[in-house]
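The values are calculated or read from the model by the stated rules, or taken from the named source; none is laboratory data. Bear in mind the structure is a predicted one, so any value in this text is a computation, not a measurement. Positions of Cβ are generated from backbone atoms using ideal geometry, with glycine treated the same way; all protein chains shown enter the neighbour counts. With ligands, DNA and RNA removed, areas are computed over all heavy atoms of the protein, side chains included. Shrake-Rupley method; radii C 1.70, N 1.55, O 1.52, S 1.80 Å.
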Amino acid sequence: LRMAEGTIENSLYGSALKAGLSPNLVYHLVQIFSWDVDFLVDLRRGDSFKVIYESWYRDGKVVKDGVILAARFTNNGRVLDAYWFQEDEGRDDYYDSEGRNLKKAFLKSPLQYTRISSTFSYRRFHPILKEYRPHLGVDYAAPSGTPVQTIGDGKVIYSGWKNGFGRFVEIRHNNGIISCYGHLRGIARSVKTGRRVKQGQLIGWVGQSGLATGPHLDFRMVVGGKPVNPLRALRQSPPMKALSGDHRQAFEKRVAKFGAILESGGHLVAAK
C-alpha cells in the first residue's frame, strides 16, 4: 500500500505526477470524483488530494498499478472522501463515509469541453438562419475530434443524420429521460439504433455537421416529453444504488482504517 498527497499549483495532472501518481492513477482519481467535481472549471489553486492505493511489485520493481482504496479531494473548501468497496457478488464502487454511492445516474458533462458557447434559451438569435429561435440545449465548444460520451446507461433510439443537427445520437435512459448529441463529426460504430450503451461509453466525436458555424456539441435533455435545461438537470442527477445493509459492518471497518490515515496523513506499511 502506498499514499500520495499534494496541493494543486498549476494543474491537477502536474501536481499528481509530482506527488508520485502514475498517469493511469491520475485518470482514475478524476473518474472517482467526476460526479461531484467538474475538473475543467471547478479546480482552484490550493485544492489538495490524498490517495491510498495499491502498487504491485515483482523483484523489487513496480509492475502495475493496483486499486485506489481511498481518496480525499478538497475542492474550494469542500472535503470529498471516497472509499473503494467490493460486495460479495463482485460489484465494486466508491462510496462516501456514509455508504452513499459517489456515482450519479448521469455524468456532469458528456465531454471535455473548452467553454459553453450557448446556453438553454427559448429565444436565441441563430447565427446561420439570422432569426430568433428557441435553443433548447447547451452548446459545448471543443476542438473537432474531441470524444463525446453518453451521460448514462440507456438505449439508442436514433443514430444518423438529422437535418440541421447533422450527425445526431438520441438515447433513452430510465424514468423517461432522453439525451441528445448533435453536430457530431462521426458516430462510433457500436452506437446503432436499438443497441444498449453504458455510462461513459464513446458515442462519437465533436464536429460541425449540419447547421453549425464551428466545432461544438449541441447537447439536449428531454424529461417526460419536455425539453429541460441540461446544466440544471445534470446538477440534480440522483445517486446510484447505495451500499446494502448486509455489508455495512465491513464497510465501516474500512472507513475507520483508511479514514484515520486520510485524516492524519499517517504512514503506510506494505500489505502482507
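To the nearest 10 degrees, how steeply does helix 23-33 sit against the main Cα axis of the chain, on a 0 to 90 scale? Value to nearest ten degrees: 70. The Kirkwood hydrodynamic radius of the chain, based on inverse pair distances between different Cα atoms, is 20.5 Å. When the chain is fully extended, how far beyond the present Cα-Cα distance does residue 208 get from residue 244, taking 0.36 nm per residue of separation? Answer, rounded to one decimal: 8.4 nm. Spread over its residues, the convex hull of the C-alpha atoms of the range 1-111 is 120 Å³ per residue.
Given the DSSP H assignment, sum -39500 (n - 2.57) over each helix run of at least 4 residues in the chain and divide by its residue total; what's the result at 222 nm in deg cm²/dmol, nearest 500? Show your work: numbers first, answer last.
Details: 4 runs with 41 residues, N = 272.
Result for the chain, helices only: -4500 deg cm²/dmol.
Against the chain, whose longest principal axis is taken from its Cα atoms, helix 248-264 shows a tilt of about 80°. May I ask for the distance between the Cα centers of the range 58-115 and the range 13-55, given as a whole number of Å? Here the two parts' Cα centres lie 10 Å apart.
Of the accessible area of the chain, computed with a 1.4 Å probe over protein heavy atoms only, carbon and sulfur atoms account for 50 percent. Using C-alpha pairs under 8 Å with a sequence gap of at least 6, the mean separation divided by the residue count of the range 179-229 gives a relative contact order of 44 percent.
Distance between the modelled labels on residue 56 and residue 256, one decimal in nanometres: 3.1 nm (7 Å Cα→Cβ projection).
The range 157-236: D in µm²/s via Stokes-Einstein (Kirkwood Rh, Cα pairs, 37 °C, 0.692 mPa s)?
On the way: Rh = 12.9 Å.
In µm²/s, the coefficient rounds to 254.
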